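Report on one structure; see the data block that follows.
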Amino acid sequence: MALVASIHVNAGWALPEMMLKDVEGNAVALREQLGENGLLVAFTCNHCPYAIAVWPRLIRHAATLKAMGINTIAVNPNIHPGYPADGVMAMAEKMSEWAIEFPYLADDGQDVARAFDAQCTPDLYMFDGEGKLYYHGRIDDYWKDETKITNEELMPAAELLIAGEPAPQPQHPTIGCSIKWLG
């Protein structure tokens, strides 16, 4: 496990027109996942301790975001033969085990992760209702233990987005395991 931080990407770039597959092999168009007020795209996986620690918050926040008109999708870029715990069958098991109520999609060719310049799991991107990047940062200021969080960051950003306000600054990078690039 190599610890990496997400990299800065400029706000305002457009959500790309790309396709992914759900755990049943169905094609899912990324842009079609936009909610009325936006979309949170979370690059994540099943085995990374950083991603595992954040999953409960991501699932909980996704429900609140949905009520705000912001959909959520999780994208697993680690469909890699060396990491069977991140395989599509394991993703389906985690959806059931963790009661994930939003799409968990496989980026088996890692094209989507490359298009986003995603670096780690988790790596979060929130787009507005027009599909323009609004927020690229962490969920909060303490990945490991929810009881030690002193600053929520994702949800206040979503509230600003809904209010039509400028995105919060600074946007702190996420940290997590490096994406397991195929080559």
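Read-outs throughout are calculated quantities, based only on the coordinates presented, and are distinct from any laboratory measurement. Values in this document were obtained by computation on a predicted structure and should not be read as measured data. No Cβ is skipped: glycine too gets one built from the backbone with ideal geometry, and neighbour counts run over all protein chains shown.
Listing for the model above:
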| quantity | calculated |
| --- | --- |
| Centre separation in Å (Cα based) which lies between the range 1-28 and the range 61-90 | 10 |
| Net dipole in debye of the range 3-178 [+1 Lys, Arg Cβ; -1 Asp, Glu Cβ; about Cα centre; nearest 20] | 220 |
| Gyration tensor verdict on the range 1-41 (Cα atoms; rounded if a/c is under 1.5, prolate if a/b is larger than b/c, oblate otherwise) | oblate |
| Percentage relative contact order, the range 3-178, counting C-alpha pairs under 8 Å, at least six apart | 32 |
| Partner lysines for Lys21 [C-alpha distance under 19 Å; skip if fewer than 8 residues away on the same chain] | Lys94, Lys180 |
| For q = 0.19, 0.25, 0.30, 0.31 Å⁻¹, Debye-computed log10 I/I(0) when each Cα of the range 23-62 counts as one equal scatterer | -0.75, -0.99, -1.03, -1.04 |
| Per principal axis, descending, Cα span of the range 88-183 in whole Å | 39, 33, 26 |
| Percent of beta bridges antiparallel (DSSP, the chain, rounded to nearest 5) | 70 |
| Order by protection proxy (mean Cβ within 10 Å, highest first), peptides 120-127, 90-97, 140-147 | 120-127, 90-97, 140-147 |
| The range 1-95: C-alpha gyration tensor shape, a/c 1.5 cut-off, then a/b vs b/c | rounded |
| The range 105-177, relative contact order in percent, only Cα pairs under 8 angstrom and at least six apart counted | 32 |
| Backbone HN-Hα couplings from phi across the range 86-102 [Karplus 6.51/-1.76/1.60, Hz, Gly and Pro as x] | 9, x, 4, 4, 5, 4, 4, 4, 5, 4, 6, 4, 9, 6, 6, 9, 10 |
| Computed E for Glu159/Arg31 - FRET, C-beta separation, R0 22 angstrom, nearest 0.05 | 0.40 |
| Aspartates and glutamates whose Cα lies under 15 Å from that of Lys132, excluding same-chain neighbours fewer than 8 positions away | Glu17, Glu32, Glu36, Glu165 |
| Surrounding net charge for Val54, when Lys and Arg each add one and Asp and Glu each subtract one, Cβ distance under 14 Å | -1 |
| All Cα pairs of the chain, percent lying beyond 20 Å | 48 |
